[in-house]
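Just below is one structure, and these are the notes that go with it.
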Amino acid sequence: MQYVSTRGGIAPVGFAEAVLMGLATDGGLLVPKHLPRIAPATLRAWSGLRFQDLALEVMGPFVGDEIPPEDLRGLIERAYACFSHPQVTPLVEVAGLRVLELFHGPTAAFKDVALQLLGNLFEYLLARDGGELNICGATSGDTGSAAIYGVRGKEHISIFMLHPRGRISPIQERQMTSVLDANVHNIAVRGSFDDAQRLVKALFNDLPFKSEFSLGAVNSINWARILAQMVYYFYAWAKLSKGDPARRVSFAVPTGNFGDVFAGYLARRMGLPIDRLVIATNRNDILVRFVHTGVYQVGEVHQTLSPAMDIQIASNFERYLYLLYDGDADAVRGLLEDLQRSGRLQVDATRHACVKVDFDAVSVSDPETLEQIQATYAASGYILCPHTAVGVKAGGSRGNLVCLATAHPAKFNEAIRLAIGHDAPLPLSLQGLMDQPARCVELDASADALKALIRSTLNAA
Ligand SMILES: *Cc1c(COP(=O)(O)O)cnc(C)c1O
């Protein structure tokens, strides 16, 4: 399979290069040149597969002959061996609601599904093709811990993860700092999340430094993350439809960066019988406004009870634009220039009509989120995390609906207490966490200080 950039500025690359490149060198995002088409008979044949075997089938065509199937199988098996549920992403029924639990990985949020695999892919490709990778990122919550767990102890990879000191939840902080592997470096920045992000950007903008130290990112635009997330749409469909291609399923997807719902969109384009894809956002509703008006206009970021979705620029949106414009990279570049210049882009009326066919979109307020957590708990005793509650509320009474559960509720107990008056019980992976030893260095919010730290750490290794 070959990959091209949404901005048309690179020669096609293969899977391995696409994964290691992250962002395309022309500033665009990598997309597959063609989407494989899955026939109804194949869907039927896949419907009894284990998650891992289904993953091999779904991902195989996108990887092509660059990784032998037996090796890819090994990477997939190891990625999901550390999930605490034998079905990896079980579909559970809760008071007439179907919830796809994506939080059984080591950090109890859905990002594990992709980052466990991505860590294995990085290690495999670096061992085979040579080279090393030093991942650097800033986190305000879930991504940092999932990325650290994805690469801890892996060869040829180090990770430097910045967080704003004292400004993330104690559980999220300890999830990261209790990982003591030698290749994991937690950095508490004396400043805000934006300060931390600014330092990372400064690092990546220093091209000589970036290349001397082989810096890379694991942000949500990496193609392998989308690929891994497609699998659970196929899995949920198979469970619900029993493999009958005539049965269509709708999905409610809590989304911020447009990553998760975009994976579902691709699955539908590949032939998976998906009826409605519901984009569920909190008060940060740029995607909802876009679906309703055809105008994508950046606003202020609001803090909400579902903080992993407090995002205004949805980084995967560019991939959707590319497909919406049938691979017309010039059109995509033009639209993004509009966005850069004026904070706003607008698709034409024909395209806007397509958008409305592709997605439903609903924004859910904090009070509605709490009401939903409370109502589901009252009806069933099941506790939704606030992100999942946004999805459930947005999905409403649509038939054959699957709601994606993106985190374990115990990661967001402040919201849970507001809704139901007590905490959600901790899953096994979070028990005893606060008593574990931790390692972390503090740093002033200075790019020079960060560079010095990385230089001395890597030169000492
Ligand atoms: C990251 C995250 C989301 C949003 O996912 P996107 O890929 O940004 O759409 C939703 N819920 C939780 C718990 C998350 O960690």
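Just a few scattered comments:
- Extension gain, Gln2 to Thr293, is 101.4 nm, computed as 0.36 nm per intervening residue step minus the present C-alpha separation.
- Alpha carbon centroid spacing (whole Å) that separates segment 246-295 from segment 90-127: 19 Å
- Short-range pairs are left out: with C-alpha atoms under 8 Å and at least six residues apart, the relative contact order of segment 87-227 is 24 percent.
- Among Leu305, Leu321, the sequence by solvent-accessible area, most first, with a 1.4 Å probe is Leu305, Leu321.
- Whole-Å semi-axes of the ellipsoid equivalent to the chain (Cα gyration tensor, √5λ, descending): 30, 27, 24
- The 3J(HN,Hα) values that the Karplus relation (6.51, -1.76, 1.60; θ = phi - 60°) gives for segment 402-407 are, in residue order, 10, 9, 7, 9, 8, 8 Hz. Gly and Pro appear as x.
- Segment 345-461: C-alpha gyration tensor shape, a/c 1.5 cut-off, then a/b vs b/c: oblate
- Whole-number percent relative contact order across the chain, with pairs defined as alpha carbons under 8 Å at least 6 apart: 18 percent
- Here the simple spin-label model places points 7 Å from the Cα toward Cβ, and for Glu371 and Asp328 these points are separated by 4.2 nm.
- Hz values of 3J(HN,Hα) by residue in segment 279-284 - Karplus curve (6.51, -1.76, 1.60), Gly and Pro given as x: 6, 10, 10, 7, 4, 7
- What you get for the chain, charging only the Cβ of Lys and Arg (+1) and of Asp and Glu (-1), is a dipole of about 700 debye around the Cα centre.
- 3J(HN,Hα) couplings calculated from phi for segment 159-165 with the Karplus curve 6.51 cos²θ - 1.76 cosθ + 1.60 (θ = phi - 60°) are, in sequence order, 9, 10, 10, 9, 9, x, 4 Hz; Gly and Pro show x.
- Accessible-area rank, largest first, for Arg333, Arg37: Arg37, Arg333, with all protein chains present and a 1.4 angstrom probe.
- Computed extension gain for Asp348 through Ser214, at 0.36 nm per residue and net of the alpha carbon distance, reaches 44.1 nm.
- Estimated inter-spin distance, Asp244 and Arg190, nm [label 7 Å along Cα→Cβ]: 6.5 nm
- Over the residues of the chain, the helix contribution to mean residue ellipticity at 222 nm works out to -14000 deg cm²/dmol, using -39500 (n - 2.57) for each DSSP H run of at least 4.
- Taking all protein chains as they are arranged and a probe of 1.4 Å, the heavy atoms of Glu123 leave approximately 40 Å² accessible to solvent.
- Measuring between their Cα centroids, segment 6-75 and segment 203-232 lie 17 Å from each other.
- Surface accessible to a 1.4 Å probe, Glu155 within the full protein complex, Å²: 110 Å²
- For the chain, the solvent-accessible area works out to 39 Å² per residue, with a probe of 1.4 Å and every protein chain left in place.
- Rounded to the nearest 0.05, the FRET efficiency derived from the C-beta distance between Ser84 and Arg341 at R0 = 41 Å is 0.30.
- Gyration tensor (alpha-carbon) shape descriptor, segment 143-220, a/c threshold 1.5: oblate
- Taking a sphere under 11 Å around the Cβ of Val184 and counting the other residues whose Cβ falls inside, with K and R at +1 and D and E at -1, yields a net charge of +2.
- Rounded if a/c under 1.5, otherwise prolate or oblate - segment 66-214, Cα gyration tensor axes: oblate
- Here the contact order of segment 1-108, divided by its residue count and restricted to Cα pairs under 8 Å and six or more residues apart, works out to 20 percent.
- Between Arg455 and Arg398, the modelled labels are 5.2 nm apart [label points 7 Å from Cα along Cα→Cβ].
- The chain - percent of accessible surface contributed by carbon and sulfur, probe 1.4 Å: 50 percent
The values are calculated or read from the model by the stated rules, or taken from the named source; none is laboratory data. Quick caveat, the model's predicted, so the values are computed rather than measured. A quick note on method: Cβ atoms are made from the backbone with ideal geometry, for glycine too, and the neighbour counts reach across all protein chains shown. We work out accessible area using only protein heavy atoms, side chains counted, and drop any ligands, DNA or RNA first. Shrake-Rupley method; radii C 1.70, N 1.55, O 1.52, S 1.80 Å.
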